Structures are given as structure tokens and as C-alpha cells.
1. Listing 186, 293, 218 from the residue with the fewest other Cβ atoms within 10 Å to the one with the most, what is the order?
2. Can you compute the helix-only [θ] at 222 nm over the chain? Use -39500 (n - 2.57) per DSSP H run of at least 4 residues, normalise by all residues, nearest 500 deg cm²/dmol.
3. Go ahead and run the numbers for FRET between residue 334 and residue 29, Cβ-Cβ distance against an R0 of 22 Å, rounding to 0.05.
4. Based on the Cβ-Cβ distance of residue 136 and residue 104, what FRET efficiency does E = 1/(1 + (r/R0)^6) give at R0 = 41 Å, to the nearest 0.05?
5. Counting pairs of alpha carbon atoms under 8 Å apart in space and at least six apart in sequence, what relative contact order in percent does the range 66-219 give?
6. Could you please rank 128, 302, placing first whichever residue has the fewest other Cβ atoms within 10 Å of its Cβ?
7. Could you give the length gained by full extension between residue 205 and residue 237, i.e. 0.36 nm per residue of separation minus their alpha carbon distance, to one decimal place?
8. Please work out whether the range 179-335 counts as rounded, prolate or oblate from its C-alpha gyration tensor, where a ≥ b ≥ c are the square roots of the eigenvalues and a/c under 1.5 means rounded, while otherwise a/b larger than b/c means prolate and anything else oblate?
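Since every read-out is calculated from the coordinates, none of them should be taken as a lab result. Remember, it's a predicted structure, so these values are computed and weren't measured experimentally. For neighbour counting, all protein chains shown are included, and Cβ atoms are generated from backbone atoms with ideal geometry for every residue, glycine included.
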């Protein structure tokens, strides 16, 4: 009888061990980010604290870099903002509704936060594209270009960045209707945001500063929309808005493909971590060219060194589409 009792205990222990193996704790946490219906908002996300800020995309039109000795100006291309360079400052009076005919719009460089749409025709220091640094005189960046800009509300304006004042880091901007009516000159400083933000955003529609970005060390990823060039036929390309994920300028990211995420390790990627903003980008999802159904890229995951110095691995588990505006992913902290 005693022998039978020992056998029963042994069998029970085997089943218990098997049960524990089947219920091993999942090291990943599931996260869902909601950009709202039609992906109407940008979401700033932190691995340490979760969602940090959600900003209606139509709240701003352009954004100015905050750090000293920088002169980056972005456009809100995800909200439909387009930028056209139409000449030097002498062209202001001649701009009209026909000026941009045949011109291609300019968009931000998605890999490099320091190259906005206004900076794309930069010829190198001291020229920043929209203006030139006065190295031997007042140390300001003086505007030398005229633009036509399509705003988030669909209106077209003519615009110039008159100057960025080196001493006070103030930006002086001038804009008006294409007819010349409703001219506005605005002067605002980014000084209050030194050491706090990478960019300060601005609404030309409402003529006001928009504090879209949280503190520069408070977020890791930005879930947003932007424009990319995609093939539209042999030798033909078109500008197409996509939903994508951009990294904080102070974050580095590595991508691993061809290996199931649960088995991927840091040693599986080559080239090290990259500070390119669009390492994650938009192509973690794939659209079928015939059915247009969206699926997730196979065996793809990302390793992120965040603003807090910790490392994380993430992989996407679901994309609800533009209408739903939801993105789900699994994330774990690396030991």
C-alpha cells in the first residue's frame, strides 16, 4: 500500500511539472495604442510610462527646432500640409494661385529629424535651405526663400521665414493669402523650451504655439502619419500618406527580420543600433496589391535603446487599419 502511495505522488508531481511548463509566464506585455478613428491623432509613447501625449493632427502646421545652433523647420505632412519653394524673397509680390503649377511639393526627411521640408534645398553650412547664417555679422539666420504652403485646413498661403534671431532664438515668420490679403507677421521665441523639447509646433491657421511634443526625455516613439514615395508604375512614383512609427531623436533602434520575434536576440541584427528616425517606419505592415488587405510583416521585431537608457524588444501583433486607428504590439524589457 505504501508503494502505491509513492507511485501516486510521483505521477502527481509529473503532471504538476508539466502543467507549470505549459503556463510559463509570458515575458512580453501587450500594448494597444489608439490614434482614434481615421488615425486622427499623433500619439507619443514611452516604454517606461505608456502613452504620454495624444495630439489632434490638425492642430499644427509647421514645427521649429528648439536647440541652439539648429534651424530645422518641419511641416505637418500627415495632416495634408504641403510645401512649395517658389523663389527668393524678391518673389513675394508676384506669388499667385498659378505659382505652384507644375511644382513638386517638398516633404520632411523621415530618417533625419534635422532635415525638414524647409531644409531640403540646403547647400550646406551656413545655408539651411530657407535661410543663411550670418556668421560675420549678427549671427542670425536670415530668410532667403519664398514658399507657398497648403495648410492643415486646406487653405493656401504664401510664406517666408524672415529670420531666426541667434541672441534670443526668436523666429519671425510672415504669411498672407496668395492675393496678398490678411498678411501676418509673427515673432515667437523657443527660449522657454530650451533643454525641454526638440520641437515647438505652430498653427498658422490659429496663429498660436502648440505644445505637441512632451518633454524630450519623456517619450520614445511617435505613432503618426507621413508621406512616402511609392511606385505607381514603371518609372513612376507617387506621394502616398502612410501610418508609421518614428523614434525620438535620442533613441536608437535595430531591426531583426527572418527570425520569429520570440527567438530573436540582439546578436541577430548587423550594423548595430541606428539613430535614423524611421527604422520602425511603416513597412512592419504589408498591403496586398490586389485585395489591399493589410497584414503584418513576418518574423520582424525591433530592439530599442530608449531615452531612459534601458533596452526593449517589440513586435507588432495587430493593425486595426486607418479607420480604427489602433496599433497593438508586444514589448519586453531586456535583461
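1. Final ranking by Cβ density, sparse to dense: 293, 186, 218.
2. Result for the chain, helices only: -2500 deg cm²/dmol.
3. With a Förster radius of 22 Å, E is 0.95.
4. In this case the efficiency is close to 0.75.
5. 20
6. Taking fewest neighbouring Cβ atoms as first place, the list is 302, 128.
7. Extending this stretch completely gives an extra 8.5 nm.
8. oblate
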